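Accompanying notes for the structure given below.
FYI, it's all coordinate maths here, none of it is from the lab. Values in this document were obtained by computation on a predicted structure and should not be read as measured data. Neighbour counts run over all protein chains shown; Cβ positions are idealised from the backbone, glycine included.
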Amino acid sequence: MLTLTVEEKQFISRLQDRLERVEQRYQEELTDFLEPRLQLVAEEYLQSCRFQRYLFYGGYEGAERKRLLLYPEYSTPAPEADTVCLLRFQGKLDFVNVNHRDFLGAVMSLGLRREKFGDLLVNDNGFDLFAEPEVAGYLQQQPLKVKHVPLTVTEAALETFQPPEQNIKEIHIMVSSMRLDTLLAHGLNLSRTKAMELIQSGRVKVNHSEITENDYLCRQDDLISCRGKGRLRIGEQSGETRKGKLRVCILKYI
């Protein structure tokens, strides 16, 4: 069971209200975009209530930020119909050094709350943004610049979206245990002491939950993220050496 923060308990309270409206008024309820941790919190709560009429949708398969749709009995939801829009921002960026943070900052400067839009994915000419239909019109009307370069925006069909390929580096290591500090140090090329400092300072998450114990034991397929340093996924374990060391593959997102 997840240990909830004050903000997450408040989120559960609002989710309870939504469930009551679904059950009593037989109407669909739709949240804003939820980051992965809140998706876990929501799913754990819904399962504890034995409520199964829900789905998450972020605009494409593999989306990180998703909206949660709750629906009543005898309803057949079509989440792609009116829950998410795809906006394509493009500009002449050939001679400008821009990154994800620059684009996100430009969108946030328009006064939108982060939960009103989902994944932002950078491409060669700009970025694609998944947003709530209620704010898509606003985004299309606002002039947007990044590093003084104006961007044009058009709405695109969801089925035209092609997720960018992720660059992944395989790191093969031998460790005595699956301790978080050990795997983090190897995966990010850090000293064990530095890895422990990052964990204890609350900058490391495993499967989107903050972990502050250095000796936390990871498992295959766990996702490890370190704020400001990057993300790792624990890959296949291929047995032990004669001295009892574990052979582990770490996948580093670059």
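Just a few scattered comments:
- Neighbour counts of C-beta atoms inside 10 Å place L69, L38, L4 in the sequence L4, L69, L38, starting with the fewest.
- Counting only Cα atoms, the chain measures 61, 54, 31 Å along its principal axes, largest extent leading.
- Secondary-structure-derived ellipticity at 222 nm for the chain, considering helices only, amounts to -8500 deg cm²/dmol, per-run term -39500 (n - 2.57) for DSSP H runs with n ≥ 4.
- Look at S225, S75, S191 and count the other Cβ atoms within 10 Å of each Cβ; fewest to most, that gives S191, S75, S225.
- Fewest neighbouring Cβ atoms within 10 Å first, the residues Y216, Y57 line up as Y216, Y57.
- Peptides 83-90, 131-138, ordered by how many other C-beta atoms sit within 10 Å of their residues on average, highest first, read 83-90, 131-138.
- The coefficient of translational diffusion for the stretch 104-237, derived via Stokes-Einstein from the alpha carbon Kirkwood radius under 4 °C and 1.567 mPa s, stands at 73 µm²/s.
- A simple count of charges around K169, restricted to other residues whose Cβ falls under 12 Å of its Cβ and scoring Lys, Arg +1 and Asp, Glu -1, yields +2.
- Applying 1/(1 + (r/R0)^6) with R0 = 41 Å to the Cβ-Cβ distance of L158 and T193 gives a FRET efficiency near 0.30.
- q = 0.13, 0.21, 0.25 Å⁻¹: log10 I(q)/I(0) that the Debye formula gives for the stretch 82-172, counting C-alpha atoms only: -0.43, -1.05, -1.45
- Each of L217, L104, C85 was scored by the projection of its Cα onto the charge dipole of the chain, and the greatest displacement toward the positive side belongs to L217; charges sit on the C-beta of Lys, Arg, Asp and Glu.
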